[in-house]
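Chemist: First the structure, then my questions, so here it is.
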Amino acid sequence: MSALLTLDGVSAGYGSFAALFEVSLKVEAGEAVGVVGPNGAGKTTLMRVISGLLRLSAGSFALEGRRLEQLPAYRIVEAGIAHVPENRRLFGRLTVEENLRMGAFLAAARRHFSERIQWVYELFPRLKERSGQLAGTLSGGEQQMCAIGRALMSEPKLLLMDEPSAGLAPLVVEQVFELVKRIRQEGFTVLIVEQNVGQVLEVVDRAYLLEAGRIKLAGPAAELKHNDFIRSSYLGL
């Protein structure tokens, strides 16, 4: 049986600038997998490739064995991949509920809109309290909840999370990783890229270390927490 998501030798970049070099990874159904590494390592580029926002220059990727690299972004959402982008990218002048409605733009999701939004509100009660509030006026943690909720409205098979702790205060970062745990408990498959190595290794099953566009290390999160290179370079130990 093939993995839910498989990347095989993926290279990508911007014009003449190469950002990823022959990256291969996989995510099994029900797993949470992290891609960690420093700023500029290629983590966001990787997410943009998987969600169809950036064309790869070599290699392939597939969801449940179906090749996706030639599909436009909206077809990749239809296939079952939802992307929570870096810095949340909410529609700030729309309400929380209107943002969630935007996440249900697929015909299949529109048919189940009322059940789906109730489920998101049960998952994140704060969003229900703020449903009529403009998304741009929410706190950082609430905005991240709204961005995750919007992605979940499409009933994805795979949730991509790009730097969910970026630009947030330490206390809010704690809250965001609690959200990740909650999503995992709901049975979602998650691929998360994050600079905050220590925090992400607490919530994922496995992780890959990406440096300068290449996979440098991979393994179970529990092992990587004790890896000497990770401890000295990323955990300050």
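The values are calculated or read from the model by the stated rules, or taken from the named source; none is laboratory data. No experiment lies behind these values; they were computed from the predicted model shown. Every residue, glycine among them, receives a Cβ derived from its backbone with ideal geometry; neighbour counts consider all protein chains shown.
Chemist: Here are ALA32, ALA107: which of them is at pLDDT below 95, more than 20 Å from ILE148 (Cβ to Cβ) and either surrounded by fewer than 22 Cβ atoms within 10 Å (Cβ to Cβ) or not β-branched (Val, Ile, Thr) (or both)?
Modeler: Selected residue: ALA107, the only one of ALA32, ALA107 that is at pLDDT below 95, more than 20 Å from ILE148 (Cβ to Cβ) and either surrounded by fewer than 22 Cβ atoms within 10 Å (Cβ to Cβ) or not β-branched (Val, Ile, Thr) (or both).
Chemist: State all residues of the range 35-49 that are surrounded by fewer than 23 Cβ atoms within 10 Å (Cβ to Cβ) and assigned to a strand (DSSP E or B); if no residue qualifies, say none.
Modeler: None; the set is empty.
Chemist: Could you tell me which of the residues LEU20, LEU90, LEU25, LEU100 is in a helix (DSSP H, G or I), surrounded by 15 or more Cβ atoms within 10 Å (Cβ to Cβ) and of a type outside the set (Asp, Glu)? Write out each step before concluding.
Modeler: Details: LEU20 fails: in a helix (DSSP H, G or I); LEU90 fails: in a helix (DSSP H, G or I); LEU25 fails: in a helix (DSSP H, G or I).
Within the list LEU20, LEU90, LEU25, LEU100, the selection yields LEU100.
Chemist: Go through (1) in a loop (DSSP other than H, G, I, E, B); (2) buried (at least 18 other Cβ atoms within 10 Å of the Cβ); (3) hydroxyl-bearing (Ser, Thr, Tyr) for TYR121 and report which single condition fails.
Modeler: Condition (1) is where TYR121 drops out.
Chemist: Something else now. Could you grab me the full set of residues in the range 70-87 that are part of a loop (DSSP other than H, G, I, E, B), surrounded by 14 or more Cβ atoms within 10 Å (Cβ to Cβ) and free of Cβ contacts under 8 Å to residues at least 40 places away in the same chain?
Modeler: Correct list: LEU71 only.
Chemist: Also, I was wondering about something else. Give me the residue from the range 203-230 that is of a type in the set (D, E, K, R) and touching a helix residue (DSSP H, G or I) at 6+ places or on another chain (Cβ under 7 Å) and, out of that set, nearest to ASP8 (Cα to Cα).
Modeler: Taking the range 203-230 as the starting set, the residues that turn out to be of a type in the set (D, E, K, R) are 205-206, 211, 214, 216, 223, 225, 228.
Filter once more, so that each one left must be touching a helix residue (DSSP H, G or I) at 6+ places or on another chain (Cβ under 7 Å): 205-206.
On the way: ASP205: 21, ARG206: 18 Å.
Looking at residues that are of a type in the set (D, E, K, R) and touching a helix residue (DSSP H, G or I) at 6+ places or on another chain (Cβ under 7 Å), I get ARG206.
Chemist: Would you check if there is a residue in the range 165-176 being in contact with an Asp or Glu (Cβ under 7 Å, 6 or more places away or on another chain) and buried (at least 22 other Cβ atoms within 10 Å of the Cβ)? Break it down stepwise before answering.
Modeler: Our first condition is that a residue be in contact with an Asp or Glu (Cβ under 7 Å, 6 or more places away or on another chain); within the range 165-176, this holds for 165-166.
With the extra rule that they be buried (at least 22 other Cβ atoms within 10 Å of the Cβ), the set shrinks to 165.
Yes.
Chemist: Against the conditions (1) part of a strand (DSSP E or B); (2) modelled with pLDDT under 85, where does SER165 fall short? Just the number, please.
Modeler: Looking at each condition in turn, SER165 falls short on (1).
Chemist: I would also like to ask the following. (1) under 20 Å from THR44 (Cα atoms); (2) assigned to a helix (DSSP H, G or I); (3) among the basic types (Lys, Arg): which one isn't true of ARG116, the others all being true?
Modeler: Looking at each condition in turn, ARG116 falls short on (1).
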